[in-house]
Amino acid sequence: SQQGEEDPQALSIQEGENATMNCSYKTSINNLQWYRQNSGRGLVHLILIRSNEREKHSGRLRVTLDTSKKSSSLLITASRAADTASYFCATGLVGAGGTSYGKLTFGQGTILTVHP
Amino acid sequence: NAGVTQTPKFRVLKTGQSMTLLCAQDMNHEYMYWYRQDPGMGLRLIHYSVGEGTTAKGEVPDGYNVSRLKKQNFLLGLESAAPSQTSVYFCASKGEGNTGELFFGEGSRLTVL
């Protein structure tokens, strides 16, 4: 089964509202990242949070990480129509001997639609 | 600075045909990856490379081969395409180290009939 599972699968909101997406994972991680994908495009990195961090901010983005619950959330505040995209969480696993070579395991994503 | 470039962007193959997807990065990154993206499955790692001349299997390597003859290029080959390989393929690269962001190409959409 997937390492990362995201909830909800789809989210529809009005411009100006906040959007919250959740990610759960199964095994120990050294970092968790969020990516954005516009329709038909490649993934773009949004934010990285390390396993020893609990919260991180970047502009309108706020990410939390709870390693005891193996979960993370991404909050986008004051959303805009341009935020419409798919959002993926990706986990970096603790590799054998401490070496993971930066490999990431992705969740299925949350499709966010922001209506003007 | 182009970042990560994938060619071709679109390709239609018949079952049993072969093809190669090319990924090129101009960021002098050590690590490169090939993922495939299927509806409802997220991205799954096919193969990866931690440096020139090295490759390793990811989560779903069967039916694919890769080569990293030059540091800036990572090739993904399908020797005998199958309909199950219809997917969108993404190449990504990253600097050395266990953590850090991946830089993705725009994707290559492959259809196998």
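The values are calculated or read from the model by the stated rules, or taken from the named source; none is laboratory data. Quick caveat, the model's predicted, so the values are computed rather than measured. All Cβ positions, glycine included, derive from the backbone under ideal geometry; neighbour counts span all protein chains shown. All accessible areas refer to the heavy atoms of the entire protein, side chains included, with ligands and DNA or RNA removed. Shrake-Rupley method; radii C 1.70, N 1.55, O 1.52, S 1.80 Å.
For the range B:59-113, residues that are of a type in the set (Ser, Thr, Tyr) and facing chain A (nearest Cβ under 8 Å) total 1. Among the conditions (1) over 24 Å from B:Tyr33 (Cβ atoms); (2) open to solvent by 30 Å² or more (accessible area, probe 1.4 Å), A:Asp83 misses just one, which is (2).
Inside the range A:13-35, can you point out the residues that are touching a Leu at 6+ places or on another chain (Cβ under 9 Å), among the small types (Gly, Ala, Ser) and open to solvent by 10 Å² or more (accessible area, probe 1.4 Å)?
A:Ser28
Quick check on the range B:51-58. Is at least one of its residues facing chain A (nearest Cβ under 9 Å) and either surrounded by fewer than 15 Cβ atoms within 10 Å (Cβ to Cβ) or more than 21 Å from A:Glu5 (Cα to Cα) (or both)? Yes - at least one qualifying residue is present in the range B:51-58.
Of the residues making up the range A:12-41, those that are within 17 Å of A:Ala82 (Cα to Cα) and more than 14 Å from the chain's Cα centre (by Cα) are A:Ser12, A:Ile13, A:Gln14, A:Glu15, A:Gly16, A:Glu17, A:Asn18, A:Asn38, A:Ser39, A:Gly40, A:Arg41.
Going residue by residue through the range B:28-47, is there one that turns out to be open to solvent by 40 Å² or more (accessible area, probe 1.4 Å), more than 8 Å from chain A (Cβ to nearest Cβ) and over 23 Å from A:Tyr35 (Cβ atoms)? No, the range B:28-47 contains no residue that is open to solvent by 40 Å² or more (accessible area, probe 1.4 Å), more than 8 Å from chain A (Cβ to nearest Cβ) and over 23 Å from A:Tyr35 (Cβ atoms).
In the set (1) surrounded by 20 or more Cβ atoms within 10 Å (Cβ to Cβ); (2) on the phi < 0 side of the Ramachandran plot, A:Gly102 fails one condition alone, (2).
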